[in-house]
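Throughout, read-outs are computed from the coordinates displayed, never taken from laboratory work. Remember, predicted model here, so these are calculated numbers, not experimental data. Because the Cβ atoms are built from the backbone with ideal geometry, glycine has one as well, and the counts that use them run over all protein chains shown.
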Amino acid sequence: MVTLSFQDFTFDAKPEYVRFNFLTLYYFDVPQDEIEASGIVEVRKKELVFKTEKQYVAEHALNTLLQKHFPHLINRIKKNETTYIHKNSGIPLLGTLYFGIVDRNTNVIDLKPITGCNIDCIFCSVDMGRRERDFIVEKDYLVQETEKVVAFKNTENIHIVINPHGDPTLYHDLAPLVRDLKKIKGVKTVAIYTNAVLLSKKLVDELAVAGLDQCSVSLHAMNPEKAKKVEGAPINIEHIKDNVRYAAKYFEIVIAPVLMMGINDAEIPLIIDFAKSVQGKFPVKIGIQNFLSYEYGKKPAKELPWNAFYNYLDELEREKGFDLHPKFDIVPSAKLPKPFQKGDIVEADVKCPGRLPGEVIAVAKDRCITVLKCPQGKQKVKVKITRSKHNIFYGFAV
């Protein structure tokens, strides 16, 4: 018999199927008749036992199962089908806001290794409930492609922010990702943006060992009932406060509430009081964000005009004696080449569905293009580019 062992998979045998769990958050089910037909005679937690004596026969049988079922990977939180993007997927990591690398021509690079969230904020700029598909990016592929972008920038002052459409603490390889990013020549700091619901002392320890420099915490209220209303889920405020205090011993904390007048404005002074009370090795900053309305996002409040927002910050800063205008080291840097411009007609290969109904992710000239209103079943599509700013490409099928 041949036994195949796995790091990224675990298995749960059920009467009618075997569940393949992938990177903790994802799974797909294989019917028992296919398990038996593949020659699997025993299912263990991290091993599959095949009746064959030949390694290559077992591996071929497994690959046949994976080719059939892996494209139907499910995110267990929202039950969305999920696309796994790896170095052999043929999907580049530049071109879309959904996953991969976002460069806005500065020394700050946004990385998006995952989509999906464990809460449901009333102000979410991408409104997760409307998204039909999730994405997860292989850690080594993301590091490899980030290294290329950093090398192109040719500076020793790169700040990387792990800031997905969702929460980075759901990413199985978060600490290893931080560790590997810190090894890239030219990377000065690595930060994460998180709601901190899943933050724990164990995870803080892992991130500290990996070399994390900063953690931005999206804390929008101190009252548990108000936090539940704003974040769309029961929030253990004491748990978050405890872990913020602990984390401040190891890396810088930025508490970043979103201000929504009439909803959580009374909570902002309490958040500042908490930040002032934290005594750690590293400073705790406050970075209050103005609620902004996005086309595909939720709209629980009206946008506050920018002059009114800054007047609010100035008044609150005087009242609390706490700096509410933190400085961040953001400067222009080399611009990545753009293969397309707005108005161009491009022929692209369709790779997978997008996040919204009718969308697909297509690829041309080593860039992803989010194509709207694409006919189903197309393998190639002609796209009229409607957006090309910052190497983020949108278009319509023509």
Item to check | Of all DSSP beta bridges in the chain, antiparallel share, percent nearest 5 | outcome: 60
Checklist entry - Using a Förster distance of 25 Å, how high is the FRET efficiency between ILE330 and ARG245, based on the Cβ-Cβ distance and rounded to 0.05? => result 0.35
Checklist entry - Name the residues of region 382-396 whose amide N is less than 12 Å from a point 7 angstrom out from the Cα of LYS373 along the C-beta direction? => result 384, 395-396
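With the cut-off at 21 Å, tell me which of the pairs LYS78/LYS228; LYS276/LYS302; LYS276/LYS298; LYS139/LYS389; LYS183/LYS281; LYS241/LYS299 have Cα atoms farther apart than that. Walk me through the intermediate numbers first.
Details: LYS78/LYS228 19 Å; LYS276/LYS302 29 Å; LYS276/LYS298 31 Å; LYS139/LYS389 26 Å; LYS183/LYS281 24 Å; LYS241/LYS299 28 Å.
With Cα atoms farther than 21 Å apart: LYS276/LYS302; LYS276/LYS298; LYS139/LYS389; LYS183/LYS281; LYS241/LYS299.
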Next on the checklist: If I model a spin label as a point 7 Å beyond the Cα along the Cα-Cβ vector, how far apart are those points for THR24 and ASP8 in nm?
Outcome noted: 1.6
Checklist entry - How about LYS378: which aspartates and glutamates have a C-alpha closer than 16 Å to its C-alpha, ignoring those fewer than 8 places off in the same chain? => result GLU347, ASP349, GLU359
Checklist outcome for this item: the chain: longest segment with zero exposed GluC sites (Glu not before Pro), where exposed means DSSP loop plus at most 16 other C-beta atoms within 10 Å, is residues 157-294
Next on the checklist: What does the charge count around TYR17 come to, taking other residues whose C-beta lies under 11 Å from its C-beta (Lys +1, Arg +1, Asp -1, Glu -1)?
Outcome noted: -3
Checklist entry - Where the centroid of each part is defined by its Cα atoms, how far is region 196-249 from region 326-356 in Å? => result 32
Item to check | Relative contact order for region 2-72, counting Cα pairs under 8 Å that sit 6 or more residues apart, in percent | outcome: 33
Checklist entry - Top mean-square fluctuation among ARG133, ARG19, ARG179, Gaussian network model of the chain, C-alpha springs under 10 Å? => result ARG19
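With the cut-off at 1.5 for a/c, could you classify region 345-397 from its C-alpha gyration tensor as rounded, prolate or oblate?
Numbers: a/c = 1.56, a/b = 1.33, b/c = 1.17.
Taking the square roots of the gyration eigenvalues as a ≥ b ≥ c, region 345-397 is prolate.
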Next on the checklist: Within 10 Å of each candidate Cβ there may be at most 15 other Cβ atoms; applying that plus a DSSP loop requirement, which chymotrypsin sites (Phe, Trp or Tyr not before Pro) in region 125-158 survive?
Outcome noted: none
Next on the checklist: Please check: in the Gaussian network model of the chain (C-alpha springs, under 10 Å), which one of LYS68, LYS276, LYS285 has the largest mean-square fluctuation.
Outcome noted: LYS68
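Counting Lys +1, Arg +1, Asp -1, Glu -1, what net charge surrounds VAL398 among other residues with beta carbon under 13 Å of its beta carbon?
Values: positive: LYS373, LYS378, LYS380, LYS382, LYS384; negative: ASP344, GLU347.
Net charge in that neighbourhood comes out at +3.
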Next on the checklist: Using 0.36 nm times the number of residues separating LYS320 and ASN307, minus their current alpha carbon distance, what extension gain do you get?
Outcome noted: 2.7 nm
Checklist outcome for this item: Note: probe point = Cα of SER89 + 7 Å toward Cβ; backbone nitrogen < 17 Å; residues of region 371-398 passing the test are 371, 393
Next on the checklist: Taking the Cα centre as origin and putting +1 on Lys and Arg beta-carbons and -1 on Asp and Glu beta-carbons, what dipole magnitude results for region 232-344, to the nearest 20 debye?
Outcome noted: 380
Next on the checklist: At a threshold of 8 angstrom on Cα-Cα distance, excluding pairs fewer than six apart, so keeping six or more, what relative contact order does the chain reach in percent?
Outcome noted: 14
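Add -39500 (n - 2.57) for each DSSP H run of 4 or more in the chain, then divide by its residues: what number comes out at 222 nm, to the nearest 500 deg cm²/dmol? Write out the running numbers ahead of the final one.
Numbers: 9 runs with 99 residues, N = 398.
-7500 deg cm²/dmol, from helical runs alone.
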Checklist outcome for this item: About its Cα centre, the chain carries a charge dipole, from +1 on Lys and Arg Cβ atoms and -1 on Asp and Glu Cβ atoms, whose size in debye to the nearest 20 is 840
Checklist entry - Which percent, to the nearest 5, of DSSP beta bridges fully inside region 125-261 are antiparallel? => result 0
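Pull out the extension gain between GLU238 and ARG44, defined as 0.36 nm times the separation in residues minus the alpha carbon to alpha carbon distance; nm, one decimal. Can you show the working numbers first?
On the way: separation 194, 0.36 × 194 = 69.84 nm, distance 3.86 nm.
Between GLU238 and ARG44, full extension yields 66.0 nm more.
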Checklist entry - Excluding same-chain residues fewer than 8 positions from LYS45, which aspartates and glutamates have a Cα within less than 19 Å of its Cα? => result ASP8, ASP12, GLU16, ASP29, GLU34, GLU36, GLU59
Next on the checklist: Which residue fluctuates most in the GNM of the chain (Cα springs below 10 Å): ARG131, ARG318, ARG355?
Outcome noted: ARG318
Checklist entry - How far is the Cα center of region 1-71 from the Cα center of region 116-167, in Å? => result 30
Checklist entry - By how many nm would the segment from SER277 to LYS185 lengthen if fully extended, with 0.36 nm per residue of separation less the alpha-carbon distance? => result 29.5 nm
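Answer rounded, prolate or oblate for the chain, using the Cα gyration tensor with square roots of eigenvalues a ≥ b ≥ c: rounded when a/c is under 1.5, else prolate when a/b is larger than b/c, else oblate.
Details: a/c = 1.80, a/b = 1.42, b/c = 1.27.
In terms of gyration-tensor shape, prolate.
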